[in-house]
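Read through the structure below, which is laid out as structure tokens, and then see the notes.
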């Protein structure tokens, strides 16, 4: 027998009871995330016809359309956007209830982080978390800041970690760790051991992260206006690529101190002293305003906030 749940529409003065199946809400959430019933069916291992039928039944029960059909894509409309956070919460709570007494199958941590945080900050925190919670599964997606914000906004992950200054009306952004931008050069670069003037910085070639990354946004805020004629020779999609290109002598780079701490310690990159003012910034934790976190995710969030004061700024 198919599981069913009861939703009460509190906006209706008659408190009308709407009987909706959990499967319908699962199909709705998967369709919202994938943009099609075919994609939803693939996510849930169902046939496309079953997914389409479940979605039609849900819209029929509610008496509203939840998606706009645009070029064979299903895009959430105002009704669907209003339902989505509630549907996500119900589906996830049902999943948590199903695995409540199984220590081997607890709901995983679903995280997304920008490259600097995902590659250089979170690994130590996750290692510590796993020591204390060996059965906890972790799914960490590493992407640029814009994609991390989108993932949190779309309920694809529970917690986001970003280094950019952007946000969204649906999101809560909490200041987290401090960071500093630094300019680096290859250990044997002729300018690597000298303090460079703004004129010299405008004459040397630069290797920077790609547009859309939080690191690039911070670099632009720091450099543009002070070095208007900076020659950007390479734009690369990861911190490691920038570091290796700089180490090969292709130019000087601008990265987070977290990202270059190992290279500076090992001596294959050097920090370039300049006439620029110090560039400080904050790394941030991002949550959806309407998202209810599970016990495990809430515990990890608290662990991250406890690390705020004690984290060793490498």
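Across region 290-310, the number of residues qualifying as under 21 Å from residue 87 (Cβ atoms) and modelled with pLDDT of 90 or more comes to 2. What are the residues in region 158-203 that are free of Cβ contacts under 8 Å to residues at least 40 places away in the same chain and closer than 14 Å to residue 223 by Cβ, if any? Residues satisfying the conditions are 199, 200, 202, 203.
Going residue by residue through region 275-294, is there one that turns out to be more than 20 Å from the chain's Cα centre (by Cα) and surrounded by 14 or more Cβ atoms within 10 Å (Cβ to Cβ)? Before you say what the answer is, go through the steps one by one.
The initial filter retains those residues of region 275-294 that are more than 20 Å from the chain's Cα centre (by Cα), namely 275-280.
Now narrow it down to the ones that are surrounded by 14 or more Cβ atoms within 10 Å (Cβ to Cβ): 276, 279.
Yes, the conditions are met somewhere in region 275-294.
Kindly indicate whether any position in region 262-274 is under 20 Å from the mean Cα position of the chain (by Cα) and assigned to a strand (DSSP E or B). Among the residues of region 262-274, not one is under 20 Å from the mean Cα position of the chain (by Cα) and assigned to a strand (DSSP E or B), which makes the answer no. So which pairs qualify, if the first residue must be in region 204-230 and under 20 Å from residue 114 (Cβ atoms), the second must be part of a helix (DSSP H, G or I) and modelled with pLDDT under 90, the Cβ gap must be under 8 Å, and the two must be at least 6 apart or on different chains? That search, which allows pairs on different chains as well, returns 212/145; 212/146; 213/145; 214/145; 217/145.
Hey, among the residues in region 235-245 that are touching a helix residue (DSSP H, G or I) at 6+ places or on another chain (Cβ under 9 Å) and either free of Cβ contacts under 8 Å to residues at least 12 places away in the same chain or under 19 Å from residue 270 (Cβ atoms) (or both), which one's surrounded by the fewest Cβ atoms within 10 Å (Cβ to Cβ)?
Pass one, region 235-245, residues touching a helix residue (DSSP H, G or I) at 6+ places or on another chain (Cβ under 9 Å): 235-240, 242-243.
Retained after the next criterion (residues that are either free of Cβ contacts under 8 Å to residues at least 12 places away in the same chain or under 19 Å from residue 270 (Cβ atoms) (or both)): 239-240, 242-243.
Working: 239: 24, 240: 13, 242: 28, 243: 22.
This residue is 240.
Let's see how each residue does on (1) assigned by TED's automatic domain parsing to the domain that holds residue 33; (2) in a loop (DSSP other than H, G, I, E, B); (3) within 8 Å of the chain's Cα centre (by Cα); (4) surrounded by fewer than 16 Cβ atoms within 10 Å (Cβ to Cβ):
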residue: 124; (1), (2), (3), (4): no, no, no, yes
residue: 128; (1), (2), (3), (4): no, no, no, yes
residue: 136; (1), (2), (3), (4): no, yes, no, no
residue: 141; (1), (2), (3), (4): no, no, yes, yes
residue: 148; (1), (2), (3), (4): no, no, yes, no
residue: 173; (1), (2), (3), (4): no, no, no, no
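Selection of region 36-58 for residues being buried (at least 17 other Cβ atoms within 10 Å of the Cβ) and closer than 16 Å to residue 74 by Cα yields 36, 37, 39, 40, 41, 51, 52, 54, 55, 58.
The values are calculated or read from the model by the stated rules, or taken from the named source; none is laboratory data. Keep in mind it's a predicted model, so treat the numbers as computed, not measured. Positions of Cβ are generated from backbone atoms using ideal geometry, with glycine treated the same way; all protein chains shown enter the neighbour counts.
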